[in-house]
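First comes the structure, then the notes that go with it.
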Amino acid sequence: MITDIYNWQDQAEQYFIQEKYSQAAELYEQAIAIEPNAISYYWYLGLLLLLQGQEAEAQMTWMLPMTEADEEKLKIWTNELFQVLQIEAKRRETLAEYSLAWLIRQHLREINPSNINNLLQIIILSIKLQKFEQLDNLNGWGLIESLNAKENIEINTELLFQLIKEVLNTIHLHPINLNLIEASLPYFSDPHQCFSMVLPAAIKIGHTLRQPLLAASLLELHLRLEPNNVEILRHLAIFYQDARHYSQGIETARLCYSLSEGLADKIFALHLLLRGLMSAGGYWQEICTTCQELETVYKEFIKAQRIPLEEGRILRLLTPSFAIPHIKDSPANFRAIHNNVAEIFTNYIQSFAQSEGRNYVYRIINHQSFAYHPRKLKIGYVSYALRNHSVGWLARWLFQHHDRDKFDIHTYFVNYTLVNDYLQEWYLNQGGKAHQLGMNGIEIADQIYQDEIDILVDLDSITLDITSQVMALKPAPIQVTWLGWDASGIPAIDYFIADPYVLPDDAQNYYTEKIWRLPQTYIAVDGFEVGVPTLRRDDLDIPMDAIVYLSAQRGYKRHPETTKWQMQIIKQVPNSYFLIKGLAEEETIKRFFYQIAEEEGVDCSRLRFLPIVHSESVHRANLAIADIVLDTFPYNGATTTLETLWMGIPLVTRVGEQFAARNSYTMMMNAGVTEGIAWTDEEYVEWGVRLGKDEALRQQVVLKLKASRQTAPLWNGKQFTREMEKAYQQMWQRYIEKK
């Protein structure tokens, strides 16, 4: 019972702070009985009832005085009630009591449905509370319509930008509503503010979540504010290409190059253009001129005095080299340029790290103590490709057969993402201590250093700039490149794993890394999973007695000279057909093959273009439709070669000088097959024709390949692992002896 009408409010406030809502409500009910015309009492009593979960009673309490109010009073009282609830909603948000804040703001919306700032707060709270079912259609909230109206709208732009950040940051949980971003563009007075929100989100969507088309749509919106923002255009070109919208990707890359001024920017723009042209396949003349331009700009960059570059431009220096070995087989010339760039890259990276206070000092090794009390060697593997990727398929046997009694295995997943990926899950379980990391090279290197890894093995080489950055930082005393590509040329890497065949005898002359040749093969697998085939000759309108040749490679590897050899083979083998499979722009790659076929006098009706099969096991099963597989040059198949040999299909390959031109050679040698290994262009055609015409020879090769499964080094993952482990031990022994 209220005894002092002037002090009861202090008591009610104490009850409110102590969350004794029923006691506070009782005081307000008594006050209303004494002063029924004190309108504010109804607002606070309704709020107290709401906080007790009595929503209907709260609404009735608020409505009670409203029923007798005239229009002027109704407007004043509604505004008063709104302010009371608004203050409490903000207080709850400050306390991170988002559920209560959300509840209060829902009632604020009923009181004033047109208040856009309250609506923004509701959506932000919905995201925080993961009420994503309410965000399925932002149009339904009226927000997009209000933003587009632009008139009579008093919007808190900071609140709007906070909402955009929340939407973009929770993209992995809720599909982005591009309409919201589009409607918000006029409210950005500073385009950089939009850039700083949109670009990181697009990178996450496009690369981590692997939704490049969605990422491209987001960047297209930002271009309305800054049509010539080169950084946006760079990423847009990549996302178009990743989404296989090759024409858009190529045009965007051309625009990037035209807008690029510094040498580093030109290098990367040329990379983007080559990436698009080669992915599409068939743009051979432009590929050659662009490649020549890239080498010219690289040489200018090497000659130039050291140019101040920020981290982003530094990271882009190495990856463009990836294109050149696809175009020509001249490793001595190529590596002379590439190794210089790799050295400059490393100097930049290390200087940048030192300015950040990074200086990795390895623990002191006691040689005698280690000799008498050997411990497990800590081996670290770093890669973005330990997933459904060629590296992921081939590296797993090493992980499976590692001797865990002698080696402590750590696996560093670059750009780890939660996706339904069988191989990634396999590596998480089989990769020893697994570290699920992002895209920050310094943070990854710090983790490796803290783990005191003895030997760090890079599986990516220059195919990912972040991994190159990690290796350049040298977080481990011994660093090795294996499997992912050719050697990176980074001076901080000690060894490059090879074998007696995959590099010529004089290769050390142009490698900065020490070439470590394993005794037999640099790669071995125990086999591949094979599914049920989906290709039949009758479905392709190919006679059952025809000779079927197959080439299954990406557009990257389609070289016109090699394609001419392939057409010469088809021309000389009666009743033969050529099956072509691989990622590329369909119409462009068809024009490429048809033109060369016509030039070589081959009827285009003998060519078949196969659809992409997204199951690796079905892809392997489908290889069995071929009698002979024709390899690419100067960039051979690697995983495709292994799959071909495992399926027992004869292969024709041209051996060159560079690593990429000798992959199939070493694999065939380690499978015990020499039939089909060509050392000249003419031999390539001769082997192709001979295998097509001589059924007995073909069967002989097939039998050899099937028998090799039990005897050949190529199919003995366990033996290969022991050889790799022995190499690690010898590398470590050399290191501690030097120390």
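Here, each number is a calculation from the coordinates, and none is a lab measurement. Just so we're clear, the structure is a prediction, and the values are computed from it rather than from any experiment. A quick note on method: Cβ atoms are made from the backbone with ideal geometry, for glycine too, and the neighbour counts reach across all protein chains shown.
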Q) In the chain, with Lys and Arg counted as +1 and Asp and Glu as -1 at Cβ, which of these residues, Q350, M63, Y510, has the Cα nearest the positive end of the dipole, that is, farthest along it? A) Y510
**Q.** Convex hull of the range 263-355 built on C-alpha atoms - directionally averaged projected area, nm²
**A.** 5.8 nm²
**Q.** Translational diffusion of the range 367-517, µm² s⁻¹ [Kirkwood Rh, Cα pairs; Stokes-Einstein; 37 °C; 0.692 mPa s]
**A.** 207 µm²/s
Q: Identify all aspartates and glutamates with a Cα-Cα distance to K376 below 19 Å; exclude those on the same chain that are fewer than 8 residues away in sequence.
A: D403, D405, D408, D451, E452, D454, E723, E725, E737
Q.
Test of understanding: ordering H402, H192, H245, H271 by Cβ neighbours within 10 Å, fewest first, what list do you get?
A. H192, H245, H402, H271
Q. Running Debye on the range 506-630 with equal point scatterers at the Cα sites and no solvent, what base-10 log of I(q)/I(0) appears at q = 0.19 Å⁻¹?
A. -1.05
Q: Compute the normalised compactness of the chain: alpha-carbon radius of gyration over 2.2 N^0.38 Å, N being the residue count.
A: 1.23
Q) Equivalent-ellipsoid semi-axes (√(5λ), Cα gyration tensor) for the range 600-739, whole Å, largest first? A) 33, 18, 16
Q: Please list, or write none, the lysines whose alpha carbon is within less than 16 Å of the alpha carbon of K693, excluding same-chain residues fewer than 8 places away.
A: K571
**Q.** Dipole magnitude (debye, nearest 20) for the range 367-517, charges at Cβ of Lys, Arg, Asp, Glu
**A.** 380 debye
Q: Counting other beta carbons within 10 Å of each Cβ, put Y556, Y257, Y510, Y422 in order, fewest first.
A: Y422, Y510, Y257, Y556
Q: Any chance you could list the semi-axes, whole Å, largest first, of the equivalent ellipsoid that the Cα gyration tensor gives for the range 8-189, using √(5λ)?
A: 34, 19, 13
Q) Mean Kyte-Doolittle of at least 1.6 and a Cα length of 15 Å or more along the axis: which whole DSSP H helices of the chain meet both? A) 39-51
Q: Rounded to whole Hz and in sequence order, give me ³J(HN,Hα) for the range 627-638 from the Karplus expression 6.51 cos²θ - 1.76 cosθ + 1.60, θ = phi - 60°, writing x for Gly and Pro.
A: 8, 9, 9, 9, 6, 9, 7, x, 10, 5, x, 10
**Q.** Within the range 514-559, trypsin sites (Lys or Arg not before Pro) in DSSP loop having at most 12 other beta-carbon neighbours inside 10 Å
**A.** R536
Q) Using a simple charge model, +1 on the beta-carbon of Lys and Arg, -1 on the beta-carbon of Asp and Glu, nothing else, what dipole does the chain show about its Cα centre, in debye to the nearest 20? A) 3000 debye
